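Undergrad: Please read through the structure below; I'll follow up with questions.
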């Protein structure tokens, strides 16, 4: 296997949070609920207005994603969950992405999606979502540093990205797909 493909394969396989073969469903769900709590705590600290936005929204999703970009190829993957604020129900989901563009690096992010409208939330849960277009600069290690994102979200969805670790600079056309996690629902 060529080195670039091997590197991307290793990154995608290490996507967090990821349930392993021996993990049971309840443990994997608990891990994702912990990820949600930690991500929301960090988001509310960084952007206090987000708490009000999430309470007023139809629902929200929190995803943990690991990604890499090596020269012209990149990709990432992870898991998360979407909360329907009306019903209080959680739907567990997966996310995967591929990108083409010039860049190099590795990053771990928490993505929070805020669904302003009920129809948008329902469509996301029923059909998933494909997202494209990204320009990014990230420099953060050991909790130090920050990020700058320019993401074009569909109407009715607000996107927050919280960088956990990583060092990455790239400009790419990216396709990201979200879908229900049949193992955890």
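Undergrad: Which order do peptides 41-50, 76-85 fall in by mean Cβ count within 10 Å, highest first?
TA: The packing order, highest mean first, is 76-85, 41-50.
Undergrad: Here is a follow-up. Please sort 58-67, 107-116, 24-33 by packing, taking for each peptide the average over its residues of neighbouring beta carbons within 10 angstrom, highest first.
TA: 58-67, 107-116, 24-33
Undergrad: For residue 46 and residue 89, FRET efficiency with R0 = 25 Å and r from the beta-carbon atoms, rounded to 0.05?
TA: Efficiency, rounded to the nearest 0.05: 0.40.
Undergrad: What FRET efficiency comes out for residue 183 versus residue 37 if R0 is 30 angstrom and r is the Cβ-Cβ distance? Round to the nearest 0.05.
TA: The value I calculate is 0.90.
None of the figures in this text is laboratory data; all of them are computed from the coordinates on show. This structure is a prediction, so every number in the text was calculated from the model and none was measured. All Cβ positions, glycine included, derive from the backbone under ideal geometry; neighbour counts span all protein chains shown.
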